[in-house]
Amino acid sequence: MSLYSLLSPLGHYRAQYVHASKGNRAKKRKHKEHSGQEVTPSVPPVPELHSYVDIGLPCVSRRLQKTASDGLITATSQDGQESEQTSAGRFYSAIFVARSGQPNALSSHLPQMVAVASRSHPSQPPTRLVELPRGCEGRLCESLGIPRVSCIGICVGAPNSNVLIDFTQEHVGMVKTPWFEEAADGEYRATKINSIATVIGVSKKTRKSAQ
């Protein structure tokens, strides 16, 4: 299943049952016109996938920040053994970024945040960060039924996402941040100063005073 096919139920629901607001006055006028005459049709529940998908760079960034800050919660059981509890239900399996959706200055922080969040939950497969080629933003907008898409995060356990996530984990490498790995190792490194022996010539002022 492709990313577009996975997200299409959300776009279909939005097109059928979510309507843009026209302001409070329009709502009041419509209510007066149809009060007591028509019965509002029942609206089906939002697709289950909705609770597993975050849309927008700010939303995804906040979720990554929360995931990284939560980290691992270590609980001690009665017999003294330690068990790990993670917020796996809100851990991202993959994050897709439309290349034309946001300038690099706004999305350059994502690799670092993904690396920190993944390291905070070692029991989960690392989150894959996928950069979509130019031209994909239009198809994503069509699939979701919204005018613009910059970033999409898919959480662990999203319905019908196994094929897409397995393919992504197989073909997209983990985010690597060497500086973070070095800092996490905690290895002490002594200061190393490279020195070069050289000769300083006599200045013109010194030569004149000597003469």
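The values are calculated or read from the model by the stated rules, or taken from the named source; none is laboratory data. Not measured: the values here are computed from a predicted model. Protein only, heavy atoms only, side chains kept; ligands, DNA and RNA dropped before computing areas. Shrake-Rupley method; radii C 1.70, N 1.55, O 1.52, S 1.80 Å.
Worth pointing out:
- Amide H partners (placed H, <5 Å) of ALA94, local residues excluded: ARG128, ILE154
- Normalised per residue, the accessible area of segment 106-169 is 47 Å², obtained with a 1.4 Å probe and no contribution from ligands, DNA or RNA.
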